[in-house]
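One structure below.
The values are calculated or read from the model by the stated rules, or taken from the named source; none is laboratory data. Only a predicted model underlies this, so the values are computations on that prediction, with no experimental measurement involved. Virtual Cβ from ideal backbone geometry, glycine too; neighbours counted across all protein chains shown. Quick note on the areas: whole protein, heavy atoms, side chains included, nothing else; ligands and nucleic acids left out. Shrake-Rupley method; radii C 1.70, N 1.55, O 1.52, S 1.80 Å.
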Amino acid sequence: MQKAEKMQALREFAAEIRVETLKTIGSLGFGHVGGSMSIADAMAVLYGDIMKIDPKNPRWEDRDWCVLSKGHAGPCAYATLALKGFYDLELTCTLNKPNTNFPSHTDRTKTPGVDLTTGSLGQGISTATGAALGHKLSGKDNHVFVFVGDGEADEGQVWEAAQFAAHYKLDHLICFVDDNKNQLDGPVDEIMSHGKGLGAKFDAFGWHVIELADGNDVEAIYDAVQEAYTVKEQPIAIILNTVKGKGATFAEGTGAHSSQPSAEQWEEAIAAAEAELKEIRAAK
């Protein structure tokens, strides 16, 4: 497959993920739309082309791992995994309902394809780092990908994990930082500024840093992962400058952490996302 064709397929997959993420959260009527939609493009690149996975064998020992340290973005993961065939798509619409296997935050004991349970911010990157070290000690050549939020990076535990990963030279650990500039209580710069920036922080801790001006560009994300694969003896941080709520008409550009729009707003958002998907497919 030529690269241009591959990028077109990844853009289509990202659009599909956005549609199904909106349907998943919309089935509940409220939830973490902002941080779920902002990582759809990166999830599309990972699950659409990059990662070694087997939907029929979610616990395949040689698979690549993906960990949402920002576990509240679970609906995006659920939509992605369903589209890849880990389970029936309709099941995601039991999100956070009684006896569901799709809780608000990701849980490895409930959802096929979820590699580590996350939700308490900061803990996901710590456990992902431990998993990466375990794989290294076992002689495995698989990768561990982890998503960290910019607001989540207020947690000191994130930087303990960063120091640990650099010390052990975990070059098969790749961290995507969802730098969407907003967190629960408002703009990140107002709540807890990251000073010279998250890239500068990871660099200071000894990571190889790749910063993307457009973290919602599948081609830029794909190229960044290819660069990451060439790095030796350093963990890699890919800083994604994203738009929170990307592709959700009621959330994009608002900075909203969680949304509870009206039924009409849900219908409008889903219709707009479906129209974007149709347009991408028509461009083939």
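State the three equivalent ellipsoid semi-axes of segment 121-235, derived from the C-alpha gyration tensor as the square roots of 5 times its eigenvalues, in descending order and whole Å.
Numbers: eigenvalues 109, 57, 29 Å².
Taking √(5λ) for each eigenvalue gives 23, 17, 12 Å, largest first.
For segment 1-135, what percent of Cα pairs sit more than 21 Å apart? Each step should come with its number before you reach the end.
On the way: 3398 of 9045 pairs.
Percent of Cα pairs beyond 21 Å in segment 1-135: 38.
Regarding segment 90-146, what's the average projected area of the Cα-atom convex hull, expressed in nm²?
If you wrap the Cα atoms of segment 90-146 in a convex hull and average its projections, you get 4.6 nm².
Output the relative contact order of the chain, whole-number percent, from Cα pairs under 8 angstrom with separation of 6+ residues. The partial results should precede the final answer.
Values: 565 pairs, mean separation 65.8, N = 284.
Relative contact order, the chain: 23 percent.
Mind putting a number on the dipole of the chain about its Cα centre? Charges go on the C-beta only, +1 for Lys and Arg and -1 for Asp and Glu, and I need it in Debye to the nearest 20. Please report the intermediate quantities before stating the final value.
Numbers: 26 positive and 41 negative charges, 148 e Å.
Here the size comes out at about 700 debye.
Whenever you get a sec, compute what percent of the accessible area on the chain sits on carbon and sulfur atoms (1.4 Å probe).
On the way: 5840 of 12070 Å².
Carbon with sulfur: 48 percent of the solvent-accessible area.
Are any of the pairs 56/278; 70/110; 181/201; 110/244; 110/136; 3/84 more than 25 Å apart by Cα-Cα distance, and if so, which? Could the numbers behind the result be given before it?
Working: 56/278 29 Å; 70/110 17 Å; 181/201 16 Å; 110/244 27 Å; 110/136 27 Å; 3/84 21 Å.
The answer is 56/278; 110/244; 110/136.
Measuring from a point 7 Å past the Cα of residue 233 along Cα-to-C-beta, which residues in segment 177-217 have an amide N at less than 19 Å?
203-209
How compact and how long is the chain, expressed as Rg and Dmax of its alpha-carbon atoms in Å?
Spelled out, the Cα radius of gyration and Dmax of the chain are 17.5, 53 Å.
What three numbers, in Å, describe the spread of the alpha carbons of segment 77-189 along their principal axes, ordered from the longest?
43, 41, 21
For every helix of n ≥ 4 consecutive DSSP H residues, a contribution of -39,500 (n - 2.57) applies; sum these over the chain, divide by its total residues, and give [θ] at 222 nm rounded to the nearest 500 deg cm²/dmol.
Details: 10 runs with 115 residues, N = 284.
So the calculated ellipticity at 222 nm is -12500 deg cm²/dmol.
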